[in-house]
Structure formats: structure tokens, C-alpha cells
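Participant: Can you read through this structure? Questions will come right after.
The values are calculated or read from the model by the stated rules, or taken from the named source; none is laboratory data. All values reported here derive from a predicted model rather than from experimental measurement. With ideal geometry, Cβ positions are generated from the backbone for all residues, glycine too; neighbour counts draw on all protein chains shown. Note: areas computed on protein heavy atoms with side chains; ligands, DNA, RNA excluded. Shrake-Rupley method; radii C 1.70, N 1.55, O 1.52, S 1.80 Å.
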2 protein chains.
Amino acid sequence: MDIGARIAGIRLLMEEHQIDAWLITGSDPHLSEYTPERWNTREWISGFSGSYGKVLVTADRVLLWTDTRYFIQAAEEIKGLGIELMKDRVPNAITVDAWLMDNLYSGNTLGLDGSTISTFEAAQLSAKLAAKGITFRSDLDLVDEIWLDRPAIFSKPAYDYPVEFAGKSRSEKLELLRNELLGRNQDSIVISMLDDVAWILNIRGEEIPYTPLVTAFCYVDQQNAWLFVNPSKLSSPFRTILEKDGIIIQPYDEFVPFIRQITNNRIQVDAIRTNFEISKSLSVHNVVDPDVSPVNLMKAVKSSREIANIKNAHVKDGVAMANFLFWLFQTIGKERITELSIGHKLTEFRSKQHLFKGDSFHPIVGYGPHSAIVHYHATSQTKLDINPENLLLVDSGGQYMDGTTDLTRTFCLGTATQNQKDDFTTCLKAHIALATAIFPVGTKGYSLDSITRKPLWDKAINYGHGTGHGIGCFLSVHEGPMSIRAEFNNEPIREGHLLSNEPGIYREGQYGIRIENVMFCKKLTSNEFGDFLCFETVSFCPIDKHLIDIEMLNSEELKWINHYHESVYTNISPFLSDGDVMEWFRLQCDPLQ
Amino acid sequence: MDIGARIAGIRLLMEEHQIDAWLITGSDPHLSEYTPERWNTREWISGFSGSYGKVLVTADRVLLWTDTRYFIQAAEEIKGLGIELMKDRVPNAITVDAWLMDNLYSGNTLGLDGSTISTFEAAQLSAKLAAKGITFRSDLDLVDEIWLDRPAIFSKPAYDYPVEFAGKSRSEKLELLRNELLGRNQDSIVISMLDDVAWILNIRGEEIPYTPLVTAFCYVDQQNAWLFVNPSKLSSPFRTILEKDGIIIQPYDEFVPFIRQITNNRIQVDAIRTNFEISKSLSVHNVVDPDVSPVNLMKAVKSSREIANIKNAHVKDGVAMANFLFWLFQTIGKERITELSIGHKLTEFRSKQHLFKGDSFHPIVGYGPHSAIVHYHATSQTKLDINPENLLLVDSGGQYMDGTTDLTRTFCLGTATQNQKDDFTTCLKAHIALATAIFPVGTKGYSLDSITRKPLWDKAINYGHGTGHGIGCFLSVHEGPMSIRAEFNNEPIREGHLLSNEPGIYREGQYGIRIENVMFCKKLTSNEFGDFLCFETVSFCPIDKHLIDIEMLNSEELKWINHYHESVYTNISPFLSDGDVMEWFRLQCDPLQ
């Protein structure tokens, strides 16, 4: 069946069910960033293979929403299919919700698979539509009815994530969770996000791109804990281990029937992290509390064991980066290198490191003007050759059993212009402002966001993305609930939080700059004014000194960069076996001035 | 009737109405910061005369909540009355809501006068109580039943606020408001906050302390505008002017019956700024939109005419301050001066200025350890003698027909210690950080709050109050909806907003420091990164150079302070008539270094 036939099939079903617009969110019942293949519905209906987008089908139109990083690729992939490209996340974007409000009328019906939208989003959208007399229908899955060869959930084995990495056993974690539920006056909790399931039960898997997760649901009350998972994923010994820890294992497909029979409970169901169909069915016979999940909160605070492991993973990542960078600067101008081949080479260097399990996201390699496209995604159509001139931005990370990494560096491949130095040094000042920030307990991420941006704002410069996101421990590279962004987020930055620090400056058509390290939050001091926190950086990779205008740094900033390079050298050099690499690396880490 | 008899009277009525706890919010039907005498219910029931507090009466207890600035005064005033003092706005404070949740039981009833609590607060409190099975009753006014000699609303005349000060005529403002309502799909609006009423109709009065307001309600739809006001307040010529502008004038007491007969309207009723009884009665037969009032939003954005006037008012205020400071430094150590007499002297100097109408709030004069008490309120019991040593903090402001002022300075009366200099200079750095901030359009106050605090946080210092509040134009000295505080506030800082800039450092038992100027927000530049805003300071008063450690300032900060003092001298000196004052003033404004 080609895409035209699929769209026609959906329209036939829409007519049958009297649905005027069918929305494909491209998400899965776990609201994953990277979905199991079974839920690649967006690609199935439109041919668009990017990782972000929504598709809307009406009687006479098909629209695909995606964001800047995919405009070129999406246009290429949907060419000739009669699908309209809608630009999302740009100034004055017409969002899906706004389009629906403008194009549907009272009496119309919008349909979507309610298991692929969050409770919160569904509540917002359905309320807007209701105010205009439009029906919101979420109980059908039209795609499933006509996708005859739809892939099953992968059967790749799940495995035990040992306590030496996890820091706490699953029994300890379940006890902490149950105490938390008691404190909240709740009987039980639905855990549906795959990273929450992986964290609470110390399980990992290999079926999702970039993230070591297992497709499963979990349900916990004061007596029991249930894991709903495809049975073929559990080896007999691992099953025994889980059962010994009191986990009741049931088939994945039993989850929905299971929750339908629960009654008279007060149940924790995180509205942002749980799909609408789950909340809807639970709320019929129970009280549903939509607060932030305690699992999400607990997972974000890393234990001292986890932090030690995470530092280790970052050292290995730094060694891989050192070897990669030496290779890059030796090879450039001699062999053909492209934006795509650099990504592959990086993975190759990382894969030599102990406990490496794969990239933590698709590497972002942007050369020259492409570096100005935030989260640029090179394809065989768009990839540029890398030459010994202009800037190269590389944003990449690895999944190691002992930690997840995420690092961005911007390199000068030729001679830096003064404008490039101005921008790079301004961006570095912003990075240092956050890396050295001191702040009282209770401070929210938005307060740190503006402290980071100040050096840019002082020059009337800004960037259109967040400053920092949480990071899992051998889990998702983007992890909540905290963040460092201008937008309101009520979750304070706490001791043990692991966060990225990634300010940037992007000059459209010219070049882009981003400097990203990972850091964790720790206690600094207590005094008459309260308790104060600060950060410690755990990424170890040289920052390109050719792009730094030393005159623009104050003495504290200069001290920071020299101290940072010293710590990079101290941590990484013991693991560099090649003398040439070592010599080159020493130069990169030498102090400025 | 003494206070004991009043409490007994309330308890009798509580028993009659089966009410277990009666809450006196101390507010009025307009939710005013400073209430007309008629609504001084807090003082009537407890004897406590401060401007912030709540009283709760149960069958066997009476509790008074107030904050740090009033702990001493309140304890004094309620002595021997059997009233318990509850400390509000301190770490781990037991709030009224928390106390009620802990001490009332299922089946109990809390009562309060629903016209003295905001719709938002009432909704929050009643929902909490309901979850515990406690009834929330808001339709009674027990105080009114036994306060036999309760004062009537003052009959002081209201007057026309001329367009030369207001910037826009009331007809222009009403037209703008009606367009705003059309855009929001609303039929009409209730305007109940007294500063909103004064602003929209260009009226002012003299019946409320510190604020030139008139006790009145206003209601506006697309055809008409109603003013509900005690008729004796309007002179016949002023009444004619208003009626010529299409204002329908009705007695104050007709407001509630008037809104009760409105049906089938979609009505704008700001939930934070409108009392609960109004919303409750309107919502029976209408749709009530609880958004931020458009009047509140429009009032906050000052026109260029208003800004020019406000600058003028601040120049006059600076002249008064210059003369006051000269007097202070000449007199100290020679005559007896106290925290109280300084406040009176300040008012005396201000009252010599053109268009002065009174203080904009009760002056805060804190000497030595008293300066460390934020918003300290000197009384005849607590007042200290001022000697030529230690620090003096003076926070005061004036109401001028052309603008409202608010200024804090901290002076060294003897020889500054290095600790005092460290703290003062750190506080000055914070003040300068905000005064010189550049930020993109859309920035919220919380983003500017942390930029201001950074110089303090860097030294693990903090302050427990907000950084900036909005200020009216010959209206309230505290005006919303925007603010510069760590707490979430969704209203961005906009071009034309007038705000205070007042970081502080308080060392309990030793000294306190605050440096406060008023500034307005203006456009700086537009470029590829968007539109950027900045501030211009309009307060003109020397900052005590004896307390500045010049080594702690960077070159930009040093430039700012010297430039600021130059502008103070340029603006103020032409109005200093006395040669001695002029000579002294010149020294205060001379550049550092």
C-alpha cells in the first residue's frame, strides 16, 4: 500500500465514523521522544522520517507540521504526495490547535488515537474545541485498522541494570516511592513513561533508538508492583530476579484491561507524562491526581553513586572526543570529510570506550551556514563537505552503562574573524556565567536562564532555544521535570540534578556557535541568608581557544577557562595512548595568556 | 464597646449562625492596600493598627496574623486582650489557610465577609476546605451587625484629574477599553479596584491614606459607563463634566443591586482584583471571564505625556531630598533627631514642592539595627535616637499631581566599616545590574530578578523581598500587574512600565541596606535577534559615596555611578536656592576617583 492509498484508507474510515479531521500525533502510548517502530505512524502516513511532527488528514487536505531542523528534509520526503508542509516552532507559526480552531466548525468532529496524546494536551485541546462546538473523539485508532503489516513491539531482551550503576536496588526505590505516595495520600501510581519504568525497576533494553528502554507499563500500590511487558523479553533468570523482588509480571496487552478494573483508588497519574486514554479510563471509578510524578522527581535527583559513575562516563566520552578531534584536525583538507561522515566517525571513536552502548541522540554536525540551523539534521541530500575554513558545530553524546553524555563544541577550521571571536567569546561568557552560578535553594530554572543570557542580552543578542535540560543516568538524554529555560517551570533546581549548559549564538546564513557541557548541582554553603547551591561541570573537552578574544574576558572568566582546561587535561590525558594525540591535546589545554 | 465585648458579640453571632471560625481579612470591597476608615475591621476587632494582617475568631481563641515589620507593634497593641500573635511571611510560617486546615474539622463552617476577599483567594480557600468537608460561608458581615458607630464612607470631594496630567481623556480611555473588550469577545467589565476606577475616569480624591483615590465602583459596556459613588462627593460642575462625557452616575450603594440584575453578558471580572461576592452574584446569570483586567494592563503602560510628568515629579522629589539631606547632616549630633521626627521632617520638605499632595506611603526610617528590619515601622514606643554613627535607612515617597515617587537611600552617619562597604557596594552592583539591564521584548520580571540578585548570590547573600514593583501615576505606589520578583508572574515587562529597583542586604541586629530608584522601561533597539528593551532611571538623589568600595566596581559600574551622580546634579541643582546646600550637594555628586 503506498502513501496515497493509506490516506485514502484513513479518509474512508473517517467518513464511516463521521470524523472531519484525523490527527496523527506521531507519539506512542508512552509519550516517548523516540518511539518504538510500531508507532512510527507519522512516517507511515506521510513518508516523513524526522523525529518531530504531526499529520492532520481532512476530507480534502493533508498537512504535516514539523520544525526548522526538518523543513528541507520534510519537503523532500513528501514531494508529490499532495501533503502541505506547515512550519512549527517559528515566529507566528500556525499551530495544529490554531489551525483546527480556524478550519473546523461547530458540529464537526476531530478524531485522534487518545493513547498517543498526553492527558494535559488532550484536556487543553478538547476544551478549546468544545467552546466552538467541535467534538473531540479519542477512542479510535484508524491507522491500526488499515496498517495490516504494522510491526509488533520488538522482542529484544530486557536486562537487569545492576545496583553498582543504579545506585539503589528496585526494592529500595519501590519503598521510597510508596512512602512518597503515602505522603501524598495516594493509594497507587501509574508509571507509563519508559524511562520512569526503566528507572524504578532497574531494567534496560535495546529496542528504542538512542535510549536503553523497554516498552512496558508499571503500576505500583502499597502492596504490589506490576510490570506489563511482552513476556518474550524477559529471560528466565531475569524473570526470576524480578519476581524475587516481588514484581508481578503480566503481558503488555493486559495493562489496559488491568487498569479498567481498578476502582475506588486515589491514583497518581502525571497529566503531562501519561496518555489521555489511561487517565480517562481510570477517572471513571477512581480519583486521579494529575501532579508531577514522584518517580520523575526521584529519578532526576542523582545519588552520589550515580554521580561518580556519570563522571566516569564523561571521562570516557572526553577521551573519545580527544581522539576524534585529533583525527579531524589531521585529516581535514587531506581526505574528503562531510557532515555525515563526521557523525559516523564520532560514533566509531565512542564505540571503543568501555560500556558504550550507542549514541544518545542523532549527532548534529553543522558546517558553515548549516551550523546556524539549531538542531540541524544532515542528510545525504543536504550534507556539506568540510573544508579547512569557517566554523564547525558538533553536538553529540553517548549512552554508556554508567552514564549518558551530551556535548557541543564549535571549532574554527581556518582563521577566525573578529566577528566570530566576538560571538564565540560572548557565548563563552554566558556558558561560564551558568557554570559558576551560585543560587539559593528553591531557585527555579528560569532564574538561571536569564543569568546565562545576560552577556548576550547586554549586546542585544539572543538564542531561540532553552539553556539547559535534565539528563538521565543511562536513560533519556532529555529528562524532566526541571529545566533551565525562560518559560515558567515550577520545579526548582535541586542538589543532585544533572543538567546541560548550552547557550548559543546563530547568525543565519553565516555560522552558528554553541558551547555545551553537562554539570550537576551540589551544595555550596549555608549561612544566615539560607542554603546555597552551585554546579560542577563533568564534561571534559577543550573549548577552541582560536575563537576566544581574551580581551573580552574578565579575570574571573579567564581563571575559569584556564582552570577548566587544566581539569580537562588532568582527567583525559591518562587515557590517551598515542604520543601525537597527547602532544596535540596538551596544546589545546594550555592556559590562555 | 471595648474589644472584649466586640469579640463576645462576634461569638454570639457565630453561635447563632452555626459558624465555627470567623475570618476578618482586614480588606475592603475594593481590595485596597490602604482601606477607607469604614473597613478598618482588623483594628476594630483587635486594636492592632498596622496596615497588614488578618484576624480569626473561634469559640475559644482569637488569632492575629501579621508580618515582621509589625511584630513588636502588634504585641504591644494586643497586650492583655487574649489575642494570639501569629507570624506571617517568615520561614515555615503557619498561614491562615494552613491553620484552618489543621484546626477545623469535617462538618465545621468557616465564615467571612465575601466582599473583603478576592475571587481567586476565595476559590482557593473554599476548594481546600471543601476537600476536608468544611463549609465556606461568605454571605454574612457579622462585624457590621454589631459595629453600631461604624464610620460611613468619607464624603471628601472627588475632583477631575486634568488631561495635562492624565495624558488621555476619559473618553479616549473608554474607547480603548471598549476595543479591548471587543477583542476579548466580552460585553462588559466590572472595575472595582479604586486605582482602576480613578485611572479610567480621570478622577482623584482625598479620602484614602497615601493614595488619591475615590471610593467608587465602575461598570462599562459598549454603550455606557456607570460610576457608583456617594453623590455628595461630586460638585455640581464636576458632575456635569462627567455626565457630558457620557458617564451615568449612581449612588455607591446601588452597585450591588445593579450587578444583580445583569443577565446574559460575557463579563470581564479580574479574579485577583475583584471581591468574591461580585463574581459570585455575576456568575449566576452571566459568563464571567477571570483574566487580568485590561484596565490594569493599560494603566501600567505610561504614555509619553505621563512619563514626562513623572520625571518632573521625581525632579521635585529630588530637590526635597537634597534639602532634607543637607538639613539632616547639619543637624545630626547637634539637635535630638529620632526615627519618627525624620519622617515628619521629610514630609515637611516634600510639602514645599509644587503639586505635592501627601506622602505616598508611611515613611520607613530605620536606624542601626532597625534598618535591618525590612519595612520597619517606627512607633513612639520603638523609635531610636539618631546619632552620628552607624547606618540610617530612609524609604519614602510623595504623591504629586504629576506623579508618584518612591525612593530609598542608606546613609553612613559615622565612619563606614569594611563590612558595611562590602555589603553596600554589593547591593549597589545589584542595583546597577538592573538599571543597565538589556532584555528582549517578552521578558518576564522573574528573569530580571535573578540578574539583579546575581552580585549578591555570588557571595551567598540574598534578600527576602521583591526587587521591583510597578508604580502608578498619581495613583498607588504599588501597582500591578507586572513585578520584578523570583515568583512566577506571567506579565512581561513592557515599554512604558514604571518600576522600582530596590535590592537590599539585611544583617539582623546590625544594619540593613537598600538602594531604591524608580525607572521606566523603554525601547533600545531592534535587530535580527528581535526587539530589545532597557530602563531609564528617573529618581535623582545622591547615593552615599562613603559606603562605596571603589575597588569592587568594574569599569562599567564605576561609569554608571559617576554618570548617575552627574545626572542628579544636572537635574536638581537648578532648583537649589541656598548656596550652602548647593555647595554640599556638589560634593555629594562629584565623581568617584
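Participant: Placing a label point 7 Å from Cα toward Cβ, how far apart in nm is B:Thr263 from its equivalents in the other copies, listed shortest first to one decimal?
Facilitator: 4.3
Participant: Further question on the same structure: Please give the per residue accessible area of the protein assembly as shown, computed with a probe of 1.4 Å over protein heavy atoms only, in Å².
Facilitator: Solvent-accessible surface per residue comes out at 39 Å².
Participant: Ok, one more. Percent of accessible area on the range A:326-368 owned by carbon and sulfur, 1.4 Å probe?
Facilitator: 53
Participant: What list of whole percents do you get for P(r) of the protein assembly as shown, with Cα-Cα distances grouped in 10 Å bins up to the one holding the largest distance?
Facilitator: For the protein assembly as shown, the pair-distance distribution reads 2, 8, 15, 19, 20, 17, 12, 6, 1, 0.
Participant: What number, rounded to the nearest 500 deg cm²/dmol, is the helix-based mean residue ellipticity at 222 nm of the protein assembly as shown, given -39500 (n - 2.57) per DSSP H run of at least four residues and division by all its residues?
Facilitator: Rounded to the nearest 500, it is -11000 deg cm²/dmol.
Participant: Let me ask you something else. Under the classification rounded if a/c is under 1.5, otherwise prolate if a/b is larger than b/c and oblate if not, where does the range B:142-264 fall, given a ≥ b ≥ c as square roots of the Cα gyration tensor eigenvalues? Display every interim value, and only then the final one.
Facilitator: Values: a/c = 1.92, a/b = 1.25, b/c = 1.54.
The shape class here is oblate.
Participant: If you don't mind, there's one more thing I want to ask. Collect residues whose amide H, placed 1.01 Å from N in the peptide plane, falls under 5 Å from the amide H of A:Lys383; neighbours closer than 5 in sequence don't count.
Facilitator: It is none; the list stays empty.
Participant: Antiparallel versus total DSSP beta bridges in chain A: what percent is that, nearest 5?
Facilitator: Percent antiparallel among DSSP bridges in chain A is about 75.
Participant: I would also like to ask the following. Please list log₁₀ I(q)/I(0) at q = 0.16, 0.20 Å⁻¹ for the range B:111-208, using the Debye equation with identical point scatterers on the alpha-carbon positions.
Facilitator: For the range B:111-208, the Cα-only Debye profile gives -0.95, -1.05.
Participant: Could I ask something else about it? For the pair B and A, how large is the buried accessible area, both sides, in square angstrom to the nearest 100, if the probe is 1.4 Å?
Facilitator: 2400
Participant: Roughly what % of Cα-Cα distances in the range A:176-325 sit above 26 Å, to the whole percent?
Facilitator: I get 32 percent for the Cα pairs in the range A:176-325 exceeding 26 Å.
Participant: Can I ask one more? Calculate the translational D of chain A in whole µm² s⁻¹ from Stokes-Einstein, where the hydrodynamic radius comes from the Kirkwood formula applied to all Cα pairs, the temperature is 37 °C and the viscosity 0.692 mPa s.
Facilitator: Answer, rounded: 129 µm²/s.
Participant: For the range B:539-547, just list the computed ³J(HN,Hα) in residue order, Karplus coefficients 6.51, -1.76 and 1.60, θ = phi - 60°, integers in Hz, with x standing in for Gly and Pro.
Facilitator: 8, 10, 8, x, 9, 4, 5, 5, 9
Participant: Under 13 Å from the Cβ of B:Gly167, count the other residues' Cβ atoms, weight Lys and Arg +1, Asp and Glu -1, and hand me the total.
Facilitator: It works out to a net charge of +2.
Participant: What is the local net charge at A:Pro369, summed over the other residues whose Cβ is closer than 12 Å to its Cβ (Lys, Arg +1; Asp, Glu -1)?
Facilitator: Local net charge: -1.
Participant: Quick one: which bits of the range A:521-544 get at least 20 Å² less accessible when the partner protein chains are in, versus the chain alone, with a 1.4 Å probe?
Facilitator: Those residues are A:Glu528, A:Phe529, A:Phe532.
Participant: Now for a separate question. Cross-link list A:Lys302/A:Lys357; A:Lys459/B:Lys429; B:Lys244/B:Lys280; B:Lys79/B:Lys345; B:Lys345/B:Lys383: which exceed 23 angstrom alpha carbon to alpha carbon? Don't skip to the answer; put the middle values down first.
Facilitator: Working: A:Lys302/A:Lys357 21 Å; A:Lys459/B:Lys429 19 Å; B:Lys244/B:Lys280 33 Å; B:Lys79/B:Lys345 31 Å; B:Lys345/B:Lys383 15 Å.
In this structure, B:Lys244/B:Lys280; B:Lys79/B:Lys345 exceed 23 Å between Cα atoms.
Participant: Once you list every other residue whose beta carbon is under 11 Å from the beta carbon of A:Thr35, what net charge do they have if Lys and Arg are +1 and Asp and Glu are -1?
Facilitator: On the way: positive: A:Arg38, A:Arg42; negative: A:Asp28, A:Glu33, A:Glu37, A:Glu43, A:Glu207.
Net charge around A:Thr35: -3.
Participant: Taking amide H atoms as placed 1.01 Å from N in the peptide plane, list the residues 5 or more away in sequence, or in a different chain, whose amide H sits under 5 Å from that of B:His497.
Facilitator: B:Lys302, B:Cys521
Participant: Multiply the residue separation of A:Leu355 and A:Gln124 by 0.36 nm, subtract the distance between their alpha-carbon atoms, and state the gained length in nm to one decimal.
Facilitator: Values: separation 231, 0.36 × 231 = 83.16 nm, distance 4.28 nm.
Contour length minus the Cα-Cα distance gives 78.9 nm.
Participant: What residues does the range B:447-469 have that are buried by at least 50 Å² of accessible area in the full protein assembly compared to the chain on its own, 1.4 angstrom probe?
Facilitator: Residues of the range B:447-469 that lose at least 50 Å² of accessible area once the other chains are added: B:Ile451, B:Lys454, B:Trp457, B:Ala460, B:Asn462.
Participant: OK, next. Tell me, what HN-Hα J-couplings in whole Hz come from the Karplus equation 6.51 cos²θ - 1.76 cosθ + 1.60 at θ = phi - 60° for each residue of the range B:385-398, using x for Gly and Pro?
Facilitator: Each residue of the range B:385-398 in turn: 6, 9, 10, x, 7, 6, 9, 10, 10, 10, 10, 7, x, x Hz.
Participant: Which one of B:Ala123, B:Phe540, B:Ala271 is farthest out on the positive end of the charge dipole of chain B, using unit charges on Cβ (Lys, Arg +1; Asp, Glu -1) and the Cα centre as origin?
Facilitator: B:Phe540
Participant: If you don't mind, there's one more thing I want to ask. Defining a contact as two alpha carbons under 8 Å apart and six or more residues distant in sequence, what relative contact order in percent does the range A:214-370 show?
Facilitator: It comes to 13 percent, rounded to a whole number.
Participant: Please turn the phi angles of the range A:172-184 into ³J(HN,Hα) values with the Karplus equation 6.51 cos²θ - 1.76 cosθ + 1.60 (θ = phi - 60°), one per residue in order, whole Hz, x for glycine and proline.
Facilitator: 4, 4, 5, 5, 4, 4, 5, 5, 4, 5, 4, x, 8
Participant: Quick one: compute the contact order of chain A, relative version, from alpha carbon pairs under 8 angstrom and 6+ residues apart, as a percent.
Facilitator: Averaging sequence separation for qualifying contacts and normalising by length gives 11 percent for chain A.
Participant: Okay, next question. Taking Cα atoms of the range B:455-593, Rg/Rh with Kirkwood Rh, to two decimals?
Facilitator: For the range B:455-593, the value is 0.99.
Participant: I would also like to ask the following. For the range B:512-567, which whole percent of the accessible surface, found with a 1.4 angstrom probe, sits on carbon and sulfur atoms?
Facilitator: On the way: 1050 of 2150 Å².
Here carbon and sulfur together make up 49 percent of the probe-accessible area.
Participant: Still on this structure, I have one more. Assume the label is 7 Å from Cα along Cα to beta carbon: what separations in nm does A:Gln593 have to the matching positions in the other copies?
Facilitator: Taking the point 7 Å beyond Cα along Cα→Cβ, the inter-copy spacings are 1.7 nm.
Participant: For the range B:302-405, what is the largest minus smallest coordinate of the Cα atoms on each principal axis, given in angstrom and ordered from greatest to least?
Facilitator: 43, 27, 20
Participant: Something else about it: Amide H neighbours of A:Ser539 under 5 Å, counting only residues 5+ apart in sequence or on other chains, H built in-plane at 1.01 Å?
Facilitator: A:Val518
Participant: Per residue in the range B:479-520, which ones lose no less than 10 Å² of accessible surface when going from chain alone to all protein chains (1.4 Å probe)?
Facilitator: B:Ala486, B:Phe488, B:Tyr506, B:Arg507
Participant: Right, another one. Quote the Stokes-Einstein diffusion coefficient, in whole µm² s⁻¹, for the range B:396-473, based on the Kirkwood radius over alpha carbon pairs, a temperature of 10 °C and a viscosity of 1.306 mPa s. Intermediate results must be reported in sequence, preceding the final value.
Facilitator: Details: Rh = 14.7 Å.
The Stokes-Einstein estimate is 108 µm²/s.
Participant: Any idea what the B:Arg184 label distances to the other copies are, label 7 Å down the Cα→Cβ vector, nm, shortest first?
Facilitator: 3.5
Participant: A further question on this structure: What GluC sites (Glu not before Pro) does the range B:467-496 have in DSSP loop regions with at most 10 other beta carbons within 10 Å? It would help to have the intermediate numbers written out before the result.
Facilitator: Values: sites: B:Glu479, B:Glu487, B:Glu495; in loops: B:Glu487, B:Glu495.
Sites meeting the loop and neighbour criteria: B:Glu487.
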